[in-house]
Amino acid sequence: MARLDVTETFHGITFPGHLHTQDSLQYALRFPFQDTDILIATYPKSGTTWMQEIVTLICSKGDPQLSQTVPNWTRAPWLEQYYSAAVLEASSRGPRVITTHLPQHLLGPALQGSKAKVIYVSRNPKDVIVSYYHFHKMAKFLPEPGSFQDFLNRFLEGTSQYGSWFDHVKDWTSQTATMNNLLHITYEEMSLDLGSAIERVSTFLQCPLLEEEVGNCLKHCSFSNMRDNRMVNYTLIPEEIMDHNRGSFMRKGKIGDWKNMFTDEQNHFFESVFRSRMQDCSLKFVWERQDEEELCAIEGIPLKTAEAPVIQSA
Ligand code: A3P
């Protein structure tokens, strides 16, 4: 399955043909979720792999054996990708951990009536854009990104691969009002206080951990450990598919790296589009780490780091 130059368009959204077919996308929409399933839903570059690792470790009570021997795409396959049916059929015991980048409006009907636990991870979109831009350079199954300006334009108009970030985030997070089996957690929460994020996820999964087990999870899903774990750092993917000379999947893992990429003009442009697209949405985002006082003012994000984030609507 090379199809590196193929793009599949499905319900008006483009997907890399290297990983998706019309059949695999249809399969996802008709997927019979089981109540014991755990679904990780994200827009690309929002902390998907990190959450896959966190969930794997929580389900293993902090034991890294599985996360160090089985690639993330086998232990938490993307439902809509062509290999997932085979992987899921082969998986035997325990809750199935499944990943998706599909928007809620496509996957929602399959989830309806199911008690599957859904974890939605979001990340501030400026950092998503920068991470996604760099990923396009190394992933040969994604189109060449062109200039950062062109990439930013496509992202903001919603024509990037996997569709509009705005629709993705608004549609999934709006479900928290009605779905009590949906947890919304942010990349920034994980970054600012990973221990609390792990406890939040383990409580949600009804998989309580001892303090020592939390400590083990924390250790094994740190940036440095994951960067060196071949089961999650994508170095198992051959050069023909990912050009490892053009970047690393585990690139920086920081809040606020967008500041190294955006010009002032691009930032103003971003903010005007963001304001207009998010006016019907009350989500707050952490854009950078700055001073402690502002962090204290932020509900739900405990102050456990020296630096604090800046949160604003745009
Ligand atoms: P950067 O490119 O900004 O470094 P996804 O898994 O959704 O594709 O997201 C990839 C992004 O998550 C990358 O961001 C990657 O470095 C970051 N990431 C993965 N594991 C992480 C960890 N343990 N700590 C911090 N960031 C992590």
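Miscellaneous remarks
- Counted residues, region 248-266 - those being in a loop (DSSP other than H, G, I, E, B), farther than 11 Å from ASP127 by Cα and either among the hydrophobic types (A, V, I, L, M, F, W, C) or more than 9 Å from the ligand (Cβ to nearest atom) (or both): 3
- Members of region 1-20 found to be over 19 Å from HIS105 (Cα atoms) and assigned to a loop (DSSP other than H, G, I, E, B), listed by number: MET1, ALA2, ARG3, LEU4, ASP5, VAL6, GLY17, HIS18, LEU19
- Condition check for LEU88: away from the ligand (no atom under 16 Å from the Cβ), modelled with pLDDT under 95 and either surrounded by 15 or more Cβ atoms within 10 Å (Cβ to Cβ) or under 30 Å from VAL286 (Cα atoms) (or both): yes
- Out of LEU57, LEU102, LEU106, LEU39, one residue alone is assigned to a loop (DSSP other than H, G, I, E, B) and buried (at least 18 other Cβ atoms within 10 Å of the Cβ). It is LEU102.
- The set of residues in region 204-215 that are within 16 Å of the ligand (Cβ to nearest atom) and over 22 Å from the mean Cα position of the chain (by Cα) contains only GLY215.
- Selection from region 109-130 of residues that are part of a loop (DSSP other than H, G, I, E, B) and touching a Leu at 6+ places or on another chain (Cβ under 7 Å): ALA116
- Selection of region 189-237 for residues being in a loop (DSSP other than H, G, I, E, B) and among the charged types (D, E, K, R) yields ASP193, ARG230.
- Residue in region 73-82 that is assigned to a helix (DSSP H, G or I), within 16 Å of the ligand (Cβ to nearest atom) and charged (D, E, K, R) present: yes
- Identity of the residue in region 183-203, of a type in the set (Ser, Thr, Tyr) and under 19 Å from LEU39 (Cα atoms), that ends up farthest from the ligand (Cβ to nearest atom): THR203
- Among the residues of region 203-260, those identified as surrounded by 19 or more Cβ atoms within 10 Å (Cβ to Cβ) and at positive phi are TYR234, GLY256.
- Search result, residues across region 131-145 that are in contact with a helix residue (DSSP H, G or I) (Cβ under 6 Å, 6 or more places away or on another chain), more than 14 Å from GLN266 (Cβ to Cβ) and assigned to a helix (DSSP H, G or I): LYS137, MET138
- Selection status of VAL169, part of a helix (DSSP H, G or I), in contact with a helix residue (DSSP H, G or I) (Cβ under 6 Å, 6 or more places away or on another chain) and at pLDDT 95 or above: no
- Where a residue in region 218-247 is away from the ligand (no atom under 13 Å from the Cβ) and its partner, wherever it lies, is of a type in the set (D, E, K, R) and assigned to a loop (DSSP other than H, G, I, E, B), with Cβ under 9 Å and at least six apart: LEU236/ARG230; GLU239/LYS140; GLU240/LYS140; ILE241/LYS140; ASP243/LYS140; ASN245/GLU239
- Taking the conditions (1) in contact with a His (Cβ under 6 Å, 6 or more places away or on another chain); (2) farther than 23 Å from GLY195 by Cα in turn, ALA85 satisfies each one other than (1).
- Residues located in region 60-71, provided they are surrounded by fewer than 24 Cβ atoms within 10 Å (Cβ to Cβ) and within 16 Å of the ligand (Cβ to nearest atom): GLY62, PRO64, GLN68, PRO71
- LEU156 being out of contact with any His (no Cβ under 8 Å at 6 or more places or on another chain), more than 16 Å from the ligand (Cβ to nearest atom), closer than 18 Å to SER131 by Cα and not β-branched (Val, Ile, Thr): yes
The values are calculated or read from the model by the stated rules, or taken from the named source; none is laboratory data. Note that the structure is a prediction, hence the values are computed from the model and not measured. Don't worry about glycine lacking a Cβ; one is built from the backbone with ideal geometry, like all the others, and counts go over all protein chains shown.
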